[in-house]
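Down below is the structure, laid out as structure tokens.
The values are calculated or read from the model by the stated rules, or taken from the named source; none is laboratory data. The structure displayed is predicted, hence computed values, not measured ones. For neighbour counting, all protein chains shown are included, and Cβ atoms are generated from backbone atoms with ideal geometry for every residue, glycine included. Areas reflect the complete protein model, heavy atoms only, side chains present, ligands, DNA and RNA absent. Shrake-Rupley method; radii C 1.70, N 1.55, O 1.52, S 1.80 Å.
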Amino acid sequence: MVERKVAFITGASRGIGRAVAVAAASMDYDFFLTGRNESALEETVKVVRKAAAKAANDNDKSRFGCGEGPLIVLHTEDLSCPEAAERLFEAFSRSFDRLDLLVNNAGIVGAKPVGDYSPDDWEHIMNINARAPFFLMQYSIPLLKKADPGFIINIGSVVAHKGYENQALYSASKHALLGYTKATAREFKETNIRIHAINPGGVNTDLVKSVRPDIDTTDMISPEEIAETVKFLLRMKGNAMIDEISVRRRTKKPWD
Ligand SMILES: NC(=O)c1ccc[n+]([C@@H]2O[C@H](COP(=O)([O-])OP(=O)(O)OC[C@H]3O[C@@H](n4cnc5c(N)ncnc54)[C@H](OP(=O)(O)O)[C@@H]3O)[C@@H](O)[C@H]2O)c1
């Protein structure tokens, strides 16, 4: 039987997080999947199991024992609470004693003029997009150091580098995420933890629809395309190292 690894993915109930879990299902991972919506997480479990079964069938039937599939543990937690990351990691540790991949993916967007944001908005967006990923990364590092290699993949955004109108807090949160991703990558350079940022432009998920219901989704990136970039990073285990992947819509201006 193949040695199984463990992936911890936040925001796995839909969108990019679900697509990443499905993509990783063919790579011998067991999963700790989080979000707030339990029934949506159950849907993710179904598609992950289907993808894992297909991969086992296509490749190597010895991946699982008879009738088995990946171990998938779900946990619901609202990351807007300051203590959420700690609770989440405690729950993770009750189920798993190893960790090979942390994907900090859960995120929300805000869309209003800078003058309209309240201190509560600041707390809410920053807690989900910046605070929780920071502490999940911190708590994960001791286990990831023992992995061969351990991966941290932080899903940022094009606004980690830019600032769009009406997205001041979203942009601030993604700048923060990228800032500490860079610092942590330097601090752990000599370990076998590989730390990456993926910074996409418009992806066709609920997040975009929530702020731009009018938007034409035909030229948007699919969540599966972002998941492919995650898979690509997970295959890189040699001397080449990629710090960041920026992904733009094909219809957007190159190098903008
Ligand atoms: N879509 C884009 O255009 C785009 C572009 C660049 C970067 N991104 C980034 O990609 C990541 C995933 O976004 P997406 O497009 O896949 O969005 P999505 O479809 O709206 O999914 C967001 C995920 O985050 C979880 N989440 C949201 N609020 C949460 C909270 N308070 N506590 C716990 N989990 C929470 C959601 O779970 P529940 O609903 O179960 O709570 C869901 O699984 C985000 O970090 C986003 O900033 C997206």
Residue ID - farthest from VAL247 (Cα to Cα), chosen from residues in the stretch 1-17 that are open to solvent by 20 Å² or more (accessible area, probe 1.4 Å) and more than 7 Å from the ligand (Cβ to nearest atom):
MET1
Note on the stretch 144-160: residues more than 9 Å from the ligand (Cβ to nearest atom) and surrounded by fewer than 21 Cβ atoms within 10 Å (Cβ to Cβ) are LYS145, LYS146, ALA147, ASP148, PRO149
What residue, of VAL208, VAL230, is modelled with pLDDT under 95 and surrounded by 15 or more Cβ atoms within 10 Å (Cβ to Cβ)?
VAL208
Taking the criterion of being in a helix (DSSP H, G or I) and within 15 Å of the ligand (Cβ to nearest atom), would at least one residue in the stretch 210-217 satisfy it?
yes
Single match in MET137, MET126 (criterion: open to solvent by less than 20 Å² (accessible area, probe 1.4 Å) and touching a residue at least 12 places away in the same chain (Cβ under 8 Å))
MET137
Residue in the stretch 173-182 that is within 16 Å of the ligand (Cβ to nearest atom), among the polar types (S, T, N, Q) and open to solvent by 40 Å² or more (accessible area, probe 1.4 Å) present
no
Quickly run through the stretch 218-253 and pick out the residues that are more than 9 Å from the ligand (Cβ to nearest atom) and of a type in the set (Val, Ile, Thr).
THR218, THR229, VAL230, ILE242, ILE245, THR251
